[in-house]
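K.L.:
Sharing a structure here in structure tokens format.
The values are calculated or read from the model by the stated rules, or taken from the named source; none is laboratory data. All of these numbers come straight from a predicted model, not from anything done at the bench. Every residue, glycine among them, receives a Cβ derived from its backbone with ideal geometry; neighbour counts consider all protein chains shown. Accessible surface areas use protein heavy atoms only, side chains included; no ligands, DNA or RNA. Shrake-Rupley method; radii C 1.70, N 1.55, O 1.52, S 1.80 Å.
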Amino acid sequence: MTAHLLDGNALAQKLRAGFKQKAEILAAQGVRPGLAVILVGEDPASQVYVRNKVNACAQAGFHSEKYVFAADAAPAEVFAKIAELNADPKIHGILVQLPLPRHFDAEAVLDAIAAEKDVDGFRAENVGALMQGQPCFIPCTPYGAMKFFEEAGIDLKGKEAVVVGRSNIVGKPMAMLLMHAGATVTVCHSQTRDLKAHCQRADILVAAIGRPKFITGDMVKPGAVVIDVGINRLPDGKLCGDVDFQSAKEVASFITPVPGGVGPMTITMLLANTLESAERALGA
Ligand code: NDP
């Protein structure tokens, strides 16, 4: 058996076409969705992510602004820009690209973003609302992962879901979303005993670890749906996920590839959240 591929590029394209239409409708009512992206320093991966986000905005007909600060910029400069953007009616979403240089308190920077413009969903208000099942901005990566289930018609009710990774930006919100959708969720991490046994009983297996090809086919339950969030660069320069795609695809029923799986969906859901914020601003 070879798993069906969950194609993130195709799904992203489809969703973004819908966002473009909605953006034009909002623009006709006087509100064009606007995203501001702040980059501090010259981290090459961050530069690529920021460029991709700005390009995605342009393609979807969103307004975007990019602010780049030197790696040794004073935190006060960045706080001042965030305050300015918080008050700017053209801007519906503010994103600070992480990681920040060491002399920044990342939590304080994220907290400075107005809750109604926190399209990354990282502020405590958003996290709390997500936990309570209240309206909120859902963190983009797990939000994107959830869209695969919807698109493939995979019902999560009563399913055994195992999330490997417990970060604030991926693992924890992913677990919460799966739980809200009716799955029985186990969250594994570096201190989990017998990770393999946990993975082997997962109907839904989400890998968000940051270790190349860590989840191998023998850890996957036959027929499982495998969502690979990992993005790792191999010594030869190629990208790979946290799942060993070649062995896992022989066992799984559905699987996301890397690249071309969760990655394009993350930026797509950033657009979704920015659009939602613009709709809220308009009272739509
Ligand atoms: P973090 O480093 O913040 O978290 C990694 C998690 O994996 C931690 O909870 C850690 O456990 C757990 N872990 C590490 N080693 C093991 C192990 N041997 N066994 C079990 N669990 C382990 O990473 P992120 O959540 O930020 O990212 C995870 C991956 O997803 C990375 O590859 C990242 O590049 C990718 N990513 C992809 C995105 C996308 O758009 N597709 C967006 C964001 C991230 P512990 O808590 O105990 O340390």
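K.L.:
Listed residues 264, 259; which is open to solvent by less than 40 Å² (accessible area, probe 1.4 Å) and either at pLDDT 95 or above or more than 16 Å from residue 207 (Cβ to Cβ) (or both)? Working first, answer last.
P.N.:
Numbers: 259 fails: open to solvent by less than 40 Å² (accessible area, probe 1.4 Å).
Of 264, 259, the one residue that is open to solvent by less than 40 Å² (accessible area, probe 1.4 Å) and either at pLDDT 95 or above or more than 16 Å from residue 207 (Cβ to Cβ) (or both) is 264.
Here's the yes/no breakdown for (1) over 18 Å from residue 123 (Cα atoms); (2) part of a loop (DSSP other than H, G, I, E, B); (3) open to solvent by less than 30 Å² (accessible area, probe 1.4 Å):
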{"position": "32", "(1), (2), (3)": "yes, yes, no"}
{"position": "35", "(1), (2), (3)": "no, no, yes"}
{"position": "46", "(1), (2), (3)": "yes, no, yes"}
{"position": "52", "(1), (2), (3)": "yes, no, no"}
{"position": "76", "(1), (2), (3)": "yes, no, no"}
{"position": "95", "(1), (2), (3)": "no, no, yes"}
{"position": "98", "(1), (2), (3)": "no, yes, no"}
{"position": "103", "(1), (2), (3)": "yes, yes, no"}
{"position": "108", "(1), (2), (3)": "no, no, no"}
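K.L.:
Residues of the stretch 215-229 being farther than 10 Å from residue 163 by Cβ and either surrounded by 18 or more Cβ atoms within 10 Å (Cβ to Cβ) or among the β-branched types (Val, Ile, Thr) (or both), which ones? Spell out the reasoning first.
P.N.:
Taking the stretch 215-229 first, the residues farther than 10 Å from residue 163 by Cβ are 215-226, 228.
Residues satisfying the conditions are 215, 216, 219, 220, 221, 224, 225, 226, 228.
K.L.:
Pairs under 9 Å by beta carbon, first residue within 17 Å of residue 233 (Cβ to Cβ) and among the small types (Gly, Ala, Ser) in the stretch 254-266, partner open to solvent by 40 Å² or more (accessible area, probe 1.4 Å) and part of a loop (DSSP other than H, G, I, E, B), six or more apart or different chains?
P.N.:
Qualifying pairs under 9 Å: 260/7; 261/7; 263/231.
K.L.:
Moving to a separate point now. Check residue 133 against each of (1) in contact with a Phe, Trp or Tyr (Cβ under 9 Å, 6 or more places away or on another chain); (2) open to solvent by 40 Å² or more (accessible area, probe 1.4 Å); (3) of a type in the set (Gly, Ala, Ser) and name the one condition it does not meet.
P.N.:
Condition not satisfied by residue 133: (1).
K.L.:
Which of the residues belonging to the stretch 129-169 are among the small types (Gly, Ala, Ser), out of contact with any Cys (no Cβ under 8 Å at 6 or more places or on another chain) and without any contact (Cβ under 8 Å) to a residue 24 or more places away in the chain? Spell out how you get there, then give the answer.
P.N.:
Of the stretch 129-169, the ones among the small types (Gly, Ala, Ser) are 129, 133, 144-145, 152-153, 158, 161, 165, 167.
In the following step, the residues that additionally are out of contact with any Cys (no Cβ under 8 Å at 6 or more places or on another chain) were identified as 133, 144-145, 152-153, 158, 161, 167.
Answer for the stretch 129-169, where residues must be among the small types (Gly, Ala, Ser), out of contact with any Cys (no Cβ under 8 Å at 6 or more places or on another chain) and without any contact (Cβ under 8 Å) to a residue 24 or more places away in the chain: just 153.
K.L.:
Kindly check whether there is at least one residue in the stretch 164-178 that is within 13 Å of the ligand (Cβ to nearest atom) and part of a strand (DSSP E or B). Spell out the reasoning first.
P.N.:
Here is the first cut: in the stretch 164-178, the ones within 13 Å of the ligand (Cβ to nearest atom) are 164-175.
From the residues that got through so far, the ones that are part of a strand (DSSP E or B) too are 164.
Yes, because at least one residue in the stretch 164-178 is within 13 Å of the ligand (Cβ to nearest atom) and part of a strand (DSSP E or B).
K.L.:
From the residues in the stretch 78-93 that are of a type in the set (Gly, Ala, Ser) and over 22 Å from residue 47 (Cα atoms), which one is surrounded by the fewest Cβ atoms within 10 Å (Cβ to Cβ)? Don't jump to the end; show me each part of the working.
P.N.:
Of all residues in the stretch 78-93, those of a type in the set (Gly, Ala, Ser) come to 80, 83, 87, 93.
Still in the list and also over 22 Å from residue 47 (Cα atoms): 83, 87.
Numbers: 83: 13, 87: 9.
Ranking the qualifying residues of the stretch 78-93, first place goes to 87.
K.L.:
For residue 10, which of the numbered conditions (1) without any contact (Cβ under 8 Å) to a residue 12 or more places away in the chain; (2) touching a strand residue (DSSP E or B) at 6+ places or on another chain (Cβ under 8 Å); (3) open to solvent by less than 60 Å² (accessible area, probe 1.4 Å) fails to hold?
P.N.:
Just one mismatch for residue 10, condition (2).
K.L.:
Just to check your reading of the model, which residue among 270, 239 is within 30 Å of residue 60 (Cα to Cα) and open to solvent by 10 Å² or more (accessible area, probe 1.4 Å)?
P.N.:
Working: 270 fails: open to solvent by 10 Å² or more (accessible area, probe 1.4 Å).
The match here is 239.
Condition check ((1) touching a helix residue (DSSP H, G or I) at 6+ places or on another chain (Cβ under 7 Å); (2) β-branched (Val, Ile, Thr); (3) open to solvent by 30 Å² or more (accessible area, probe 1.4 Å)) across all residues:
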site	(1), (2), (3)
159	no, no, yes
163	yes, yes, no
170	yes, yes, no
176	yes, no, yes
180	no, no, yes
194	no, no, yes
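K.L.:
Within the stretch 54-74, count every residue that is of a type in the set (Val, Ile, Thr) and open to solvent by less than 60 Å² (accessible area, probe 1.4 Å). Talk me through it step by step, then tell me what you get.
P.N.:
Taking the stretch 54-74 and keeping what is of a type in the set (Val, Ile, Thr), we get 54, 68.
The next check asks that each one be open to solvent by less than 60 Å² (accessible area, probe 1.4 Å); those that pass are 54.
Qualifying residue count, the stretch 54-74: 1.
K.L.:
Right, here's the next one. Write out, first by first residue and then by second, each pair whose Cβ atoms fall under 6 Å of each other, whose residues are 6+ apart or on separate chains, and whose first residue, in the stretch 54-83, is over 19 Å from residue 110 (Cβ atoms) while the second is open to solvent by less than 40 Å² (accessible area, probe 1.4 Å) and not hydrophobic (A, V, I, L, M, F, W, C).
P.N.:
Here the result reads 54/64; 57/64; 62/33; 63/34, each pair linking the stretch 54-83 to a residue that is open to solvent by less than 40 Å² (accessible area, probe 1.4 Å) and not hydrophobic (A, V, I, L, M, F, W, C).
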